[in-house]
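What follows is one structure encoded as structure tokens, with my remarks underneath.
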Number of protein chains: 2
Amino acid sequence: MRDVAIIGIGMTDFGELWHDSLRDLFVKAALQAMDDAGVDHIDGLVAGCMSPGLFTGQEHIGSLLADYLGQAPVPGVRVESACASGGMALRTGIAYVASGMHDIVLCGGVEKMTDVSGAQATYALATAADQEMEAFHGVTFPGLYALIATAHMHKYGTKREDLAQVAVKNHDNGMLNPHAQYHMKITVEQVINSVKVADPLNILDCSPITDGAAAVIIAPVEVAKKLKKKPIVKVAASAHATDTIALHQREDLTWLKSTAEAAASAYKQAGVKPSDIDFAEVHDCFTIAEICVLEALGVVKRGQGGKATRDGLTARDGKFPVNTSGGLKSKGHPVGATGIAQIHEIVTQLRGEAGKRQLKDVKRGLAQNMGGSGGSAVVHILEVL
Amino acid sequence: MRDVAIIGIGMTDFGELWHDSLRDLFVKAALQAMDDAGVDHIDGLVAGCMSPGLFTGQEHIGSLLADYLGQAPVPGVRVESACASGGMALRTGIAYVASGMHDIVLCGGVEKMTDVSGAQATYALATAADQEMEAFHGVTFPGLYALIATAHMHKYGTKREDLAQVAVKNHDNGMLNPHAQYHMKITVEQVINSVKVADPLNILDCSPITDGAAAVIIAPVEVAKKLKKKPIVKVAASAHATDTIALHQREDLTWLKSTAEAAASAYKQAGVKPSDIDFAEVHDCFTIAEICVLEALGVVKRGQGGKATRDGLTARDGKFPVNTSGGLKSKGHPVGATGIAQIHEIVTQLRGEAGKRQLKDVKRGLAQNMGGSGGSAVVHILEVL
């Protein structure tokens with residue numbers, strides 16, 4: 001199996017981008033990544049996108065995007081794992097490069113979500129839940145995560161303020177990310193007093209509806225060494241795991257088993273412990289999600305995610321910074337793009353190119369991308385060579 | 001790169017299966033494949049499905065299917081390349097096994113198409129065309145293939161009867177396949193006199209709307225040798241190529257460039273010429289498609305696909321049998337399942353298990369699976385070891 005490196009990154013601004021279609025967004029991010037890598041040709045393309053069919057009436061985007069990028073007839077395919085589609089695009093590309101089937105592969109993520117009404121977007125997102133057991137009966141994602149939040153508060157004494165603190169921290173980070181959808185400082189009081197969505201979650205506990213795209217170029221480490229232009233970022237681990245996508249079938253609502261399984265596999269592949277990781281980008285689609293993810297990753301003990309957030313562990317100047325990009329909450333959450341945008345931030349930090357939000361002395365970062373209410377999770381560990 | 005073998009196959013009957021949901025269909029095919037391989041555990045799952053979102057309101061099926069198969073938390077992901085999603089599921093699984101990331105992988109395909117109206121199904125299928133340039137303006141797939149057929153008839157003198165003969169041959173084969181949707185012998189006259197869909201294509205030139213699933217289990221050849229129970233079928237080549245998904249951007253409407261590119265790559269990988277292939281399953285979504293595919297695969301010269309069909313080259317007792325399964329036309333076309341169902345037929349023939357439709361002395365078969373009007377194509381070559 002060949003070792004794989006990330007040799008180029010690109011992303012669009014995230015937001016309500018009414019002048020760009022899905023293909024425009026993807027091509028912009030992809031061209032940036034190719035420029036950054038210094039390549040004018042790719043051997044294959046993997047696009048992560050959750051539901052171009054429901055959001056834009058367009059399937060078959062692997063070919064469409066390869067063509068619009070000027071790279072057809074190279075292989076171009078789409079992978080989907082709901083909101084973890086971006087992470088899966090990277091993992092699938094890694095399989096192609098590690099196997100020797102391709103050398104230079106573009107792994108991108110994209111979602112164009114604002115061309116439909118809010119109700120249609122909510123329907124499209126709910127297809128990541130179990131249609132027969134959950135979505136058909138009217139449950140939506142804020143509702144599912146509200147169940148998780150309520151269970152966590154009941155079981156572990158997590159406070160309403162702890163949830164709010166996740167949003168406050170991530171908005172604070174997003175202020176320093178020019179690509180973020182929201183450059184807006186918020187307070188715990190504002191989160192708690194914002195409009196109710198699904199008790200106990202308010203609108204400021206929820207990540208937004210977003211258009212955007214991100215892309216990375218991967219290659220064998222040996223190829224990366226020849227192109228050497230920037231610090232080489234190696235993929236130390238790429239792991240994926242699943243769980244029941246319906247909440248009612250889980251033993252413990254507060255435990256994200258797919259993340260725990262993927263993380264255990266990733267730590268084993270990389271030969272590291274959670275304490276060897278310097279920082280992380282995690283899937284904060286709702287504030288409670290970040291808290292549960294910290295626990296499933298083994299960064300804190302079960303039930304301690306809220307307290308750890310309150311105590312500043314995950315702040316930019318904390319011991320284990322989380323979501324320096326602003327996270328899904330502030331940077332925005334174009335679902336298929338999110339997993340790749342996380343990789344964009346990890347690489348940016350590892351290269352020392354993060355500007356005002358740059359962390360000091362970081363050598364190893366982790367990205368955790370999640371589908372639905374945790375039915376799938378992808379964990380990558382990246383290191384500077 | 002590790003050599004990969006197919007060690008188990010399974011498929012449901014194809015048809016209007018109103019008592020089975022998408023998950024039921026997939027699990028039935030998957031369990032058959034696992035039984036056939038003699039394994040009770042898989043290391044990963046790749047599901048090909050074109051549009052579970054538009055057909056059933058369900059995305060995130062990689063996790064859903066891994067769970068319903070009793071295999072969660074193993075990695076489970078969906079890949080999509082329109083009607084070539086099945087072929088791409090196999091190719092993606094091969095990358096996972098060839099790289100060493102997984103050993104035993106289930107590659108399946110599924111589509112549940114009859115839960116929506118005909119108009120909704122036509123809309124869903126049209127998302128494989130270019131939404132902005134084609135589908136938005138009302139064109140549907142029979143219309144796109146009618147343009148190809150008209151161009152082929154004009155440029156090469158292909159006759160209406162030649163198109164009809166593809167359907168007649170494939171229905172003749174489907175009579176002998178217990179899994180086929182239609183067990184119905186038809187004549188050239190019946191095809192020509194059947195109801196018009198998009199001139200020159202009539203209803204009997206078109207593959208149907210179908211529910212169904214198919215699955216194969218793959219493993220490194222070395223693992224296959226240890227499990228040795230049936231003849232070992234090795235993947236000699238796995239290739240994929242793209243083209244513009246919009247017809248108007250192609251230099252020649254009659255030339256399926258993605259198939260030609262994927263075939264050239266596959267022949268190179270396997271170290272063979274078209275004349276070294278004993279038989280094939282190809283993507284006859286419309287009768288004209290099979291004619292164009294024969295040419296793009298290099299089985300006949302450009303323009304000669306109609307004449308070759310008329311002359312019996314591709315009949316079951318011809319020199320190069322094509323679609324002994326009945327093809328998409330007679331076996332049915334649950335779009336995401338089709339690429340895997342083709343592999344099912346190739347393996348069945350290579351093992352000598354095809355019953356009344358068994359070909360004599362076949363050692364090497366080719367499967368060609370296509371997305372949209374040829375925007376993507378996947379070609380696999382399989383050999384008995």
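The values are calculated or read from the model by the stated rules, or taken from the named source; none is laboratory data. Please read these numbers as outputs of a predicted model, since none were measured by experiment. Note that each Cβ is placed from the backbone with ideal geometry, even for glycine, and that neighbours are counted across all protein chains shown.
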Counted residues, the range A:108-120 - those being touching an Asp or Glu at 6+ places or on another chain (Cβ under 9 Å) and over 19 Å from A:Ala341 (Cβ atoms):
1
So B:Val97, is it β-branched (Val, Ile, Thr) and either outside the structural domain of B:Phe14 (by TED's automatic domain parsing) or assigned to a strand (DSSP E or B) (or both):
no
Just one of the numbered conditions (1) assigned to a strand (DSSP E or B); (2) within 14 Å of chain A (Cβ to nearest Cβ) is not true of B:Ser373; which one?
(1)
Output the residues belonging to the range B:190-209 that are over 30 Å from B:Arg91 (Cα atoms), in contact with a helix residue (DSSP H, G or I) (Cβ under 8 Å, 6 or more places away or on another chain) and either assigned to a loop (DSSP other than H, G, I, E, B) or hydrophobic (A, V, I, L, M, F, W, C) (or both).
B:Val191, B:Ile192, B:Ser194, B:Val195, B:Val197, B:Ala198, B:Asp199, B:Pro200, B:Leu201, B:Leu204
In this structure, does B:Met34 turn out to be away from chain A (no Cβ under 14 Å), more than 22 Å from A:Ala377 (Cα to Cα) and touching a Lys or Arg at 6+ places or on another chain (Cβ under 9 Å)?
no
Residues of the range B:187-199 satisfying the condition of being within 16 Å of B:Asp284 (Cβ to Cβ) and surrounded by 20 or more Cβ atoms within 10 Å (Cβ to Cβ):
B:Val191
Filter the range B:126-147 down to the residues that are more than 16 Å from B:Lys196 (Cα to Cα) and touching a strand residue (DSSP E or B) at 6+ places or on another chain (Cβ under 8 Å) and list them by number.
B:Ala128
Every residue in the range A:210-251 that is part of a loop (DSSP other than H, G, I, E, B), more than 14 Å from chain B (Cβ to nearest Cβ) and in contact (Cβ under 8 Å) with a residue 12 or more places away in the chain, please.
A:Thr210, A:Lys229, A:Lys230, A:Pro231, A:Ile232
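I'd like the full set of residues that are of a type in the set (A, V, I, L, M) and either free of Cβ contacts under 8 Å to residues at least 12 places away in the same chain or part of a helix (DSSP H, G or I) (or both), limited to the range A:51-94. Steps first, please.
In the first step, residues of the range A:51-94 are kept if they are of a type in the set (A, V, I, L, M); the result is A:54, A:61, A:64-66, A:69, A:72, A:74, A:77, A:79, A:82, A:84, A:88-90, A:94.
Those that are of a type in the set (A, V, I, L, M) and either free of Cβ contacts under 8 Å to residues at least 12 places away in the same chain or part of a helix (DSSP H, G or I) (or both): A:Leu54, A:Ile61, A:Leu64, A:Leu65, A:Ala66, A:Ala72, A:Met88, A:Ala89, A:Leu90, A:Ile94.
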If A:Gly327 satisfies every condition in (1) out of contact with any Gly (no Cβ under 9 Å at 6 or more places or on another chain); (2) at positive phi but one, which is the exception?
(1)
Condition check for B:Leu350: in a helix (DSSP H, G or I), in contact with a Pro (Cβ under 8 Å, 6 or more places away or on another chain) and assigned by TED's automatic domain parsing to the domain that holds B:Val299
yes
Does A:Gly100 satisfy the criteria of being touching a helix residue (DSSP H, G or I) at 6+ places or on another chain (Cβ under 8 Å) and on the phi > 0 side of the Ramachandran plot?
yes
Of the residues in the range A:78-92, those that are facing chain B (nearest Cβ under 7 Å) and of a type in the set (Lys, Arg) come to A:Arg78
Evaluate the range B:238-257: report whether one residue or more is under 18 Å from the mean Cα position of the chain (by Cα), farther than 23 Å from B:Ala126 by Cα and among the charged types (D, E, K, R).
no
Among residues of the range B:6-29 being surrounded by 24 or more Cβ atoms within 10 Å (Cβ to Cβ) and away from chain A (no Cβ under 14 Å), the residue nearest to A:Met133 (Cα to Cα) is B:Ala29
Which one is farthest from A:Ala119 (Cα to Cα) among residues in the range A:43-70 that are out of contact with any Gly (no Cβ under 9 Å at 6 or more places or on another chain) and either away from chain B (no Cβ under 11 Å) or surrounded by fewer than 24 Cβ atoms within 10 Å (Cβ to Cβ) (or both)?
A:Asp43
Look through B:Val362, B:Val379, B:Val322 and report the one residue that is within 14 Å of chain A (Cβ to nearest Cβ) and β-branched (Val, Ile, Thr).
B:Val379
